[in-house]
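The values are calculated or read from the model by the stated rules, or taken from the named source; none is laboratory data. It should be emphasised that the depicted structure is a prediction, and the values quoted were computed from it without experimental measurement. Virtual Cβ from ideal backbone geometry, glycine too; neighbours counted across all protein chains shown.
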Amino acid sequence: MKSAERAPAPKGAAAFQILTIALKDLRSELRTKEAINASLAFALVILLMFSFAFDPEADTTREISGGLLWIVFAFAGTLILNRSFAREVPNDCLDGLIAAPVPGWVLFLGKAVANFALVMAVELVALPIFGIFYNVRWAQQFGELLGVLALATWGMTVIGTIFSALTVNIRLREVMLPMLTYPILVPALIGAMRLTAVLVMGKPIGGDDAAWLRLLVGFDAIYTAASLVLVETVLVG
Amino acid sequence: MRDKIVYGLGIAAAAVLAWNTYAIAGLPDEVNQGAVFKIIFFHVPMWAAAGVAVSVALIASALFLITRNFAFDAAAVASTEVGVCFLTAGLATGSIWGRQIWGIWWTWDARLTSALLCWILYAGYLMLRRAVEEPTQRATFAAIFNIFAFLDVPIVFFSIKWWRTQHPQPVFWGNGSFPKDWTQHFLYNMAAMVALGVVMTVVRLRQEEVQREIDAVRRTVHAF
């Protein structure tokens, strides 16, 4: 460590630091693939389970597809988010990260960006699989669907990342994370389910549904702001 | 002295509730709903008390994060626990009323769904406290979660309201149509219920203080 060489950070350094942390996380994940493999396999298993829960051939499948997809995404996403900070526990990597000369919010955003990329990747693999198995032509409004996915996934990632940091050292970590995050995520998940169902059925977002889009944006903004303010307290105490 | 005031207030609140229950039982039945309507005298004050309790918990949590004074953490946990009690009682009385009037214990109406979600959020808060060993960390994490949970309540309420607007809404009776002497009984119950909440919170607060003293003594003993 050449800590003596570190000068005061120049402008734009925060973006660079965020990117560095995000790339570090992505690199270590892609080398082991432990979270992403588990998450994908889990998504597949849930998709299989759904086929027993209701008639996969029926037309109603399209109408409830938004809800089904987001249940899959929320469950599979939790596996990735759980690993986000847990990965740093062996070898005291977390202490190293906290001691690094970057502010808490930079560390948080770096982790959140990496998690966002991973969760989005799982979603984009699960989506066509869902389309094939349940005979749903999901790609008719692909651009807008991608936008909704990104907005809701960012909300899920922000909450998931901050609570991943919060639960990393506590008992029953794997249970506590979904226990705490799902109730908070309910507004975002309702909006995402609603919009996804509309888009998967091939209709554009319009009329009343625009309110859900605004809700998603508002949810993301409120919780991103709250997380950025509180993350230092979570990490350092 | 503090104990005497608190227990005095508790006895007064219980006496008002008991007397009021007797008085309410003597009121004539409501025209459309019959006797079960009178559950509103308890149901609504329970929700009001729960609202006060979780608001106090939010303020105490924020103050803990600012001052790091453990008295605020104790206030947050005490009022959240009392709040969860009132939330549970509110859900239960609401269900009893629903069974009589709607014929079902539960419906996924906007209010009911958001109320259940509040209960789950604050129960999660109490679970989180159980899961963290270290007192400072427990207080900090719990305070942060409390802020996140409270932020969620209005978003949840409005989102679920939008989500359910196309479904028929059950009708809730406003207090506006209350006869005057009924309103009086209602307000007595409101005050008594909130007072009861304050008493329970203060008693629970005392327990937390004693617990911390015991922990401190234990640490001192182990230090030697």
Practice item. Look through the stretch B:99-114, keep the residues that are assigned to a helix (DSSP H, G or I) and surrounded by fewer than 19 Cβ atoms within 10 Å (Cβ to Cβ), and return whichever of them is farthest from the other protein chains (Cβ to nearest Cβ). Key: B:100
Practice item. For residues that are out of contact with any Leu (no Cβ under 6 Å at 6 or more places or on another chain) and under 30 Å from residue A:109 (Cα atoms), scanning just the stretch A:140-151, find the one that is surrounded by the most Cβ atoms within 10 Å (Cβ to Cβ). Key: A:149
Study note, to complete from the structure: Among (1) buried (at least 21 other Cβ atoms within 10 Å of the Cβ); (2) more than 11 Å from chain B (Cβ to nearest Cβ); (3) modelled with pLDDT under 90, residue A:204 falls short only on (1)
**Study point:** Qualifying residues in the stretch B:115-153 (those that are surrounded by 23 or more Cβ atoms within 10 Å (Cβ to Cβ) and polar (S, T, N, Q)) - the one farthest from the other protein chains (Cβ to nearest Cβ)
**Key:** B:146
Practice item. For residue A:222, indicate whether it is surrounded by fewer than 20 Cβ atoms within 10 Å (Cβ to Cβ) and either at pLDDT 90 or above or at the interface with chain B (Cβ under 7 Å from one of its Cβ atoms) (or both). Key: yes
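For every residue, the table says whether it meets (1) assigned to a helix (DSSP H, G or I); (2) modelled with pLDDT of 90 or more; (3) closer than 30 Å to residue B:136 by Cβ.
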position: B:9; (1), (2), (3): yes, yes, no
position: B:12; (1), (2), (3): yes, yes, no
position: B:20; (1), (2), (3): yes, no, no
position: B:23; (1), (2), (3): yes, no, no
position: B:32; (1), (2), (3): no, no, no
position: B:47; (1), (2), (3): yes, no, no
position: B:53; (1), (2), (3): yes, yes, yes
position: B:63; (1), (2), (3): yes, yes, yes
Check your understanding: What number goes with the only condition from (1) under 22 Å from the mean Cα position of the chain (by Cα); (2) modelled with pLDDT of 90 or more; (3) more than 14 Å from chain A (Cβ to nearest Cβ) that residue B:217 does not pass?
Key -> (1)
Study note, to complete from the structure: Counted residues in the stretch A:97-122 being over 25 Å from residue A:225 (Cα atoms) and either touching a strand residue (DSSP E or B) at 6+ places or on another chain (Cβ under 8 Å) or without any contact (Cβ under 8 Å) to a residue 60 or more places away in the chain (or both) come to 0
Review point. Scanning for something touching a residue at least 12 places away in the same chain (Cβ under 8 Å) and among the polar types (S, T, N, Q), does the stretch B:69-76 turn up at least one residue?
Key: no
Study note, to complete from the structure: Of the residues in the stretch A:151-176 that are under 17 Å from residue A:114 (Cβ atoms) and among the aliphatic types (A, V, I, L, M), the one that is farthest from the other protein chains (Cβ to nearest Cβ) is A:156
Revision key, fill the gap. The one condition residue B:189 fails out of (1) out of contact with any Phe, Trp or Tyr (no Cβ under 6 Å at 6 or more places or on another chain); (2) more than 17 Å from residue B:6 (Cα to Cα) is (1)
Check your understanding: Does the stretch A:188-201 contain at least one residue that is crowded, with 16+ Cβ neighbours inside 10 Å, closer than 16 Å to residue A:62 by Cβ and within 8 Å of chain B (Cβ to nearest Cβ)?
Key -> yes
**Study point:** Within the stretch B:84-98, tally of residues that are surrounded by 16 or more Cβ atoms within 10 Å (Cβ to Cβ), in contact (Cβ under 8 Å) with a residue 24 or more places away in the chain and not aliphatic (A, V, I, L, M)
**Key:** 6
Study note, to complete from the structure: Filtering the stretch B:6-26 down to residues that are out of contact with any helix residue (DSSP H, G or I) (no Cβ under 8 Å at 6 or more places or on another chain) and under 16 Å from residue B:201 (Cα atoms) yields B:8, B:11
**Study point:** Sole exception among (1) touching a Gly at 6+ places or on another chain (Cβ under 9 Å); (2) at pLDDT 85 or above for residue B:142, by number
**Key:** (1)
Check your understanding: Quick check, is residue A:211 within 30 Å of residue A:136 (Cβ to Cβ), surrounded by fewer than 18 Cβ atoms within 10 Å (Cβ to Cβ) and facing chain B (nearest Cβ under 8 Å)?
Key -> yes
Review point. Any residue in the stretch A:123-145 that is over 25 Å from residue A:40 (Cβ atoms) and either within 11 Å of another protein chain (Cβ to nearest Cβ) or not in a helix (DSSP H, G or I) (or both)?
Key: no
